[in-house]
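So the structure is just underneath, and the comments pick up after that.
Bear in mind that the values in this text are calculations on the coordinates, not laboratory data. What you see is a predicted model; the values in this text were computed from it and never measured. Every residue, glycine as well, gets a Cβ built from its backbone with ideal geometry; the counts of neighbours run over all protein chains shown.
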Amino acid sequence: MQKKVYFQNLDAIRFILALMVFLSHQMDRLFVLSNCKWIFLGRIWNLIARGNLRVSMFFILSGFLITYILLKEKELTDHINVKNFYIRRILRIWPLYFLILLLSFGIIPVALHLTEIINTIPVRLPYYIAFLSNFDLLHLDKFHFGPANSMALYIQFLTWSVSVEEQFYLVWPLLLLFIKPRYYIFIFIFTIIASVAFRLYYRIDDFILGYHTFSVAVYLAIGGLSAYLILKYRSFQNLFSLIPPWVSGLIYISGSVGLLYRLEIMKISPYGMALMPLFYGSFFAFILLDQNFSPQSFLKLGRFKFLSYWGKYSYGIYLLHPVAMGIVALCIAHLNIMEANFFNYLITGLVTLALTMAMSYVSYEFYEKRFLAMKKKFSVIVRD
């Protein structure tokens, strides 16, 4: 028996987050070149340019969706088929991921003659194959590489979050399988507390706070806790039906203001950076639940067909946009047409975005889809 589940607004959220990651990498100089003096607009741009914040929201979304599917399977079958879960994740993640590895470690370095950069920064390929690239980034931090090298390593920087999610996928279903359901709540609470404690211990190390699995586990656990509460307590789900639009709108506005002024908030306490994920996680978890379980939310992102349509290509947008950036940069360098001004950077960004979306469409429709079609054989919960 298969149960169909579809959260209408998640695809739109995925696309928005993937687009913001793209903007943080491609358009970072655009605001500087605009010579804008409006401080508030600068805050908005700084929020967009913080790619790691967007990735953290991806973690919350993944924690929610994966936990929801696993708990729903447990509810329907009184069992969690871990092997089938792993197969579904492999079919979704591995085809494009390993294609990216082939491009970034094989074809691109040869085509662009980047071996000198790769040799000066010893990226360790086995870590990427084993989905441990976030730990390789912690190793790379010791070399204090600069902007030029960072550009060459954009693809490697993106794979770290996929590695964290794969580590999560390896452990999470086993916990839900072997621990009795009445203790599930303690899994989520313990993970959140342990992750925050780890962040407090390493509070002055930005790289560990940003890339270590234990540091970002708080986001995945908050997403998982949200799914658990929605499924376990009908009253919790009904709560979102009772929230009037003006209240949800006020929460959206207040949370957004908090994000805009997050740097000032973090400076209030030496523990501010370590504790901020509790705010990020709570706010974004509310957005997820409000979008999917509140019929009268003031804003339903799923109504925007363009956002929802491109949401299914978000994984490709996330992983392929550095390839598009490299192609456009190579063309500009070959034609020698680039002048560092606002208009040129804007046009370059738009061309790169169009190429990224085209590549993600082709990848999904003609490559990834072949593997995704196999997932139904191993699914109890399927997308409607």
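As a footprinting exposure proxy, order F378, F7 by other Cβ within 10 Å, with the fewest listed first.
By the 10 Å Cβ count, ascending, the order reads F378, F7.
Sort H79, H25, H139 so that the residue with the fewest other Cβ atoms within 10 Å of its own Cβ comes first and the one with the most comes last.
Ordered from fewest to most neighbouring Cβ atoms within 10 Å, H79, H25, H139 come out as H79, H139, H25.
Taking the Cβ-Cβ separation of Q8 and N336 as r and a Förster radius of 35 Å, what is the calculated FRET efficiency to the nearest 0.05?
Numbers: r = 47 Å, r/R0 = 1.35.
Efficiency at R0 = 35 Å is approximately 0.15.
Suppose the chain between L372 and F304 were pulled fully straight at 0.36 nm per residue; how much longer would it get relative to their current alpha carbon spacing?
Working: separation 68, 0.36 × 68 = 24.48 nm, distance 2.47 nm.
Answer, rounded to one decimal: 22.0 nm.
Can you sort T348, T356 from fewest to most other Cβ atoms within 10 Å of each residue's own Cβ?
Listed from fewest to most nearby Cβ atoms, that is T348, T356.
Run the dipole for segment 3-382 about the Cα centre, Lys and Arg Cβ at +1, Asp and Glu Cβ at -1, nothing else charged, and hand back the magnitude in debye, nearest 20.
1200
Please state the relative contact order of segment 3-382 as a whole percent: Cα pairs under 8 Å, 6+ residues apart?
Relative CO of segment 3-382 lands at 33 percent.
If the chain between F190 and L239 were fully stretched, how many nm would it gain, using 0.36 nm times the residue separation less the Cα-Cα distance? Before the final figure, lay out the partial values.
Working: separation 49, 0.36 × 49 = 17.64 nm, distance 2.49 nm.
Stretched out fully, the F190 to L239 stretch lengthens by 15.1 nm.
Full-extension gain between Y86 and D205, please, as 0.36 nm times their residue separation minus the C-alpha to C-alpha distance.
Details: separation 119, 0.36 × 119 = 42.84 nm, distance 3.30 nm.
Extra length from Y86 to D205 when fully extended: 39.5 nm.
Between C36 and L250, what's the calculated FRET efficiency when r is the beta-carbon distance and R0 is 45 Å? Round to 0.05.
Step by step, r from the Cβ atoms, then E = 0.95.
Just the Cα atoms of the chain, one point each, no solvent: what log10 I(q)/I(0) does Debye give at q = 0.09, 0.12 Å⁻¹?
-0.55, -1.02
Using the Cα centre of the chain as origin and beta-carbon charges of +1 (Lys, Arg) and -1 (Asp, Glu), tell me which of H212, P173, L307 is placed farthest towards the positive end of the dipole.
It is P173.
Any idea what angle helix 10-26 forms with the longest principal axis of the chain, computed on alpha-carbon atoms, 0 to 90 degrees, nearest 10?
20
Please compare each pair in K83/K180; K300/K377; K83/K375; K180/K376; K74/K232; K300/K376 to a cut-off of 24 Å on the Cα-Cα distance and tell me which ones are over it.
Details: K83/K180 19 Å; K300/K377 32 Å; K83/K375 12 Å; K180/K376 27 Å; K74/K232 12 Å; K300/K376 29 Å.
The pairs that break the limit, which is 24 Å between Cα atoms, are K300/K377; K180/K376; K300/K376.
Using per-residue counts of other Cβ atoms within 10 Å, averaged over each peptide, order 181-188, 17-24 from highest down. Spell out each step's value before the answer.
Numbers: 181-188: 14.1, 17-24: 22.0.
The densest-packed peptide leads the list: 17-24, 181-188.
Hey, what angle do you get for helix 82-102 against the long axis of the chain, alpha-carbon based, 0 to 90 degrees rounded to 10?
That works out to roughly 10 degrees.
Quick one: angle between helix 245-260 and the longest Cα principal axis of the chain, in degrees between 0 and 90, rounded to 10, please.
So the inclination is approximately 40 degrees.
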